[in-house]
Amino acid sequence: MSNNAPTIIVDSTPEAKAAFYAELQSFVGLEIGEPMPAPDEVNLPMIRHLVEAVGDRNPIYTDPELAARSIHGGIVAPPTMLQAWVMHGIDGPQRGGDGPYEKMNELLFSRGFTSVVGTNSEQTYKRYLRPGDRLTMRTVIDSISDEKTTGLGTGHFVSTRQDYYDADNELVGSMLFRIFRFQPKAKAPAAKPKPPRPRPATTHDNQWWFDELNDGRLCAQACAECGRVRFPTGPLCPSCHSRSYDKVEMPMSGTIHSFVVAHYPQVPSFDYPLPIVLVDIDPSTSHAGKPGNDKVRMIMNTADCPESALAVGARVRIEIRATDPDMKLPFAIIDATGATS
Amino acid sequence: MTSTLPDTRTFASVTVGDEIAPFELPLTRTLIVSTAIATRDYQVVHHDPSIAAERGSKDIIMNILTSNAFAGRYVTDWAGPNSFISSVKVRLGAPNYPGDTMTISGSVTATDDATRTVTIAVKGTNSLGDHMNATVEVVLP
């Protein structure tokens with residue numbers, strides 16, 4: 001089978017996993033490349049852009065007179081701007097492809113941990129920066145976690161430590177930056193074909209009813225002795241206890257006695273919301289006047305009608321439809337005229 | 001130019017448990033883009049909605065440097081100009097999308113007499129949940 005995605009290595013044995021972990025840990029403590037100089041010295045225009053965008057009115061950032069009277073003795077940059085002075089800018093990182101950071105990433109990619117999200121930024125400041133300061137950043141891989149699973153997926157937390165030095169090579173601030181390098185959780189598989197409906201539990205006492213349905217007839221059961229009509233089907237007449245019965249063909253119409261609309265739990269065979277109606281089937285002509293003939297109720301689903309048409313008392317037409325190649329069931333179709341009994 | 005420096009809160013006036021008034025930040029598209037660019041962060045997910053969508057994000061999102069900046073601003077707005085922030089530690093959560101509002105709130109969780117340092121827990125929440133949980137240390141006069 002061809003597949004364009006790179007093969008993901010699966011460390012299926014504890015030994016393989018341990019070897020992978022050990023290889024990962026070998027990167028901890030390594031400096032990821034040459035120290036990176038800030039492209040520009042700390043400067044008022046960049047400070048102004050930032051504090052305007054953030055709406056920060058602290059006068060020590062832009063007002064020379066007030067800043068001079070503060071404990072800072074003059075204009076300083078917002079401390080949280082530390083990272084901004086050494087950002088790559090619009091062209092992005094220019095690092096080569098063979099430093100320790102890239103090699104660590106290749107190792108993580110080889111296990112499928114290709115996605116990334118920043119999780120923690122921890123900055124500490126030795127002093128505030130002033131216009132004219134020129135920074136250099138050094139980055140060290142600080143720690144790599146064992147495999148962790150979060151809401152996003154499974155992967156490894158990777159922490160780097162950025163140390164910022166001034167022109168005198170004095171440390172002015174540090175940042176511990178943690179990312180989660182992960183394999184996203186598998187998305188739900190695309191639209192699988194719906195499984196067929198659950199099968200009815202059939203017995204000697206009801207199999208004939210489904211057989212009749214398969215032949216296109218909606219039936220109830222009547223006592224062959226006293227004529228009482230009953231449904232669901234059963235072995236004995238509740239009135240005279242006779243075991244002999246007749247099949248009674250019922251009209252394909254009725255009235256909604258009650259209904260529910262199922263939302264949950266969802267069974268994959270059905271579409272939701274799923275109306276379930278209890279239908280008072282119109283009395284049979286063959287057993288007119290017999291007890292029970294006007295009390296035949298059946299549970300079924302609806303077809304071809306919006307949920308809004310459901311109403312107690314609504315007239316329905318019943319159709320027998322194939323739900324899959326070897327099963328037919330009755331469905332209620334609500335009368336389009338909206339007539340109620 | 002204003003002529004007086006705003007007051008700065010004194011270390012002696014602060015008690016553990018003190019609440020800082022919450023601050024509501026409307027997350028406009030302009031805010032998210034202008035702060036990203038002002039921090040030299042040109043990652044497309046911070047300014048280009050169509051590419052952000054292609055990469056699986058609902059929209060552009062605020063960048064981390066800006067979350068840091070707001071944690072810092074929130075504390076210095078409360079502390080005043082003669083304060084010194086010694087650390088800002090942020091744990092990130094739900095992204096800040098345009099059109100939402102981030103409410104920043106905070107309270108004093110510790111004070112250290114020796115260094116006059118006040119520790120403040122800062123929380124930024126949006127309609128999705130916690131955007132950030134930050135710990136900011138500030139030295140007061």
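Observations, loosely collected:
- The criterion of being within 7 Å of another protein chain (Cβ to nearest Cβ), polar (S, T, N, Q) and under 24 Å from residue A:122 (Cα atoms) holds for residue B:39.
- Test: residue in the stretch A:244-257 that is surrounded by fewer than 13 Cβ atoms within 10 Å (Cβ to Cβ) and not small (Gly, Ala, Ser): no
- Residue satisfying all of: in the stretch B:53-89; of a type in the set (Ser, Thr, Tyr) and more than 9 Å from chain A (Cβ to nearest Cβ); farthest from the chain's Cα centre (by Cα) among these: B:57
- Test for residue B:92: is it farther than 25 Å from residue A:59 by Cα, at the interface with chain A (Cβ under 7 Å from one of its Cβ atoms) and touching a residue at least 12 places away in the same chain (Cβ under 8 Å): yes
- Matching residues, the stretch A:4-33, being surrounded by 15 or more Cβ atoms within 10 Å (Cβ to Cβ) and closer than 15 Å to residue A:109 by Cβ: A:20, A:24, A:27
- When we screen A:77, A:84 for residues that are touching a residue at least 24 places away in the same chain (Cβ under 8 Å), touching a Ser or Thr at 6+ places or on another chain (Cβ under 7 Å) and surrounded by 21 or more Cβ atoms within 10 Å (Cβ to Cβ), the only hit is A:84.
- Subset tally (residues that are part of a strand (DSSP E or B) and away from chain A (no Cβ under 12 Å)) for the stretch B:12-23: 4
- Restricting the stretch A:111-141 to residues that are among the charged types (D, E, K, R) and away from chain B (no Cβ under 14 Å), the residue that is nearest to residue A:22 (Cα to Cα): A:111
- Options A:66, A:107; residue that is of a type in the set (A, V, I, L, M), under 23 Å from residue A:157 (Cα atoms) and surrounded by 14 or more Cβ atoms within 10 Å (Cβ to Cβ): A:107
- Filter pass, residue B:55 being among the basic types (Lys, Arg) and surrounded by fewer than 21 Cβ atoms within 10 Å (Cβ to Cβ): yes
- Breaking point among (1) away from chain B (no Cβ under 14 Å); (2) in a helix (DSSP H, G or I), for residue A:29: (2)
- On the stretch given as the stretch B:80-94, residues that are farther than 22 Å from residue A:77 by Cα and crowded, with 19+ Cβ neighbours inside 10 Å total 1.
- Within the stretch A:41-66, the set of residues being under 20 Å from residue A:133 (Cα atoms), more than 7 Å from every other protein chain (Cβ to nearest Cβ) and without any contact (Cβ under 8 Å) to a residue 60 or more places away in the chain comprises A:45, A:46, A:48, A:51, A:61, A:62, A:64.
- There is no residue in the stretch A:269-276 that is exposed (fewer than 13 other Cβ atoms within 10 Å of the Cβ), in contact with an Asp or Glu (Cβ under 7 Å, 6 or more places away or on another chain) and over 30 Å from residue A:194 (Cα atoms).
- In the stretch A:69-104, residue farthest from residue A:159 (Cα to Cα) [restricted to those that are acidic (Asp, Glu) and away from chain B (no Cβ under 11 Å)]: A:98
- Residues located in the stretch A:188-232, provided they are over 13 Å from residue A:292 (Cβ atoms) and polar (S, T, N, Q): A:202, A:203, A:206, A:207, A:214
- With a requirement of 3 or more residues that are under 13 Å from residue A:298 (Cβ atoms), the strands (runs of 3 or more DSSP E) lying completely within the stretch A:206-269 that satisfy it span A:219-223, A:253-262.
- Qualifying residue in the stretch A:311-323 (condition: outside any strand (DSSP E or B), at pLDDT below 90 and under 43 Å from the mean Cα position of the chain (by Cα)): no
- Test: residue in the stretch B:33-52 that is free of Cβ contacts under 8 Å to residues at least 12 places away in the same chain, surrounded by fewer than 13 Cβ atoms within 10 Å (Cβ to Cβ) and under 22 Å from the mean Cα position of the chain (by Cα): no
The values are calculated or read from the model by the stated rules, or taken from the named source; none is laboratory data. All values reported here derive from a predicted model rather than from experimental measurement. All Cβ positions, glycine included, derive from the backbone under ideal geometry; neighbour counts span all protein chains shown.
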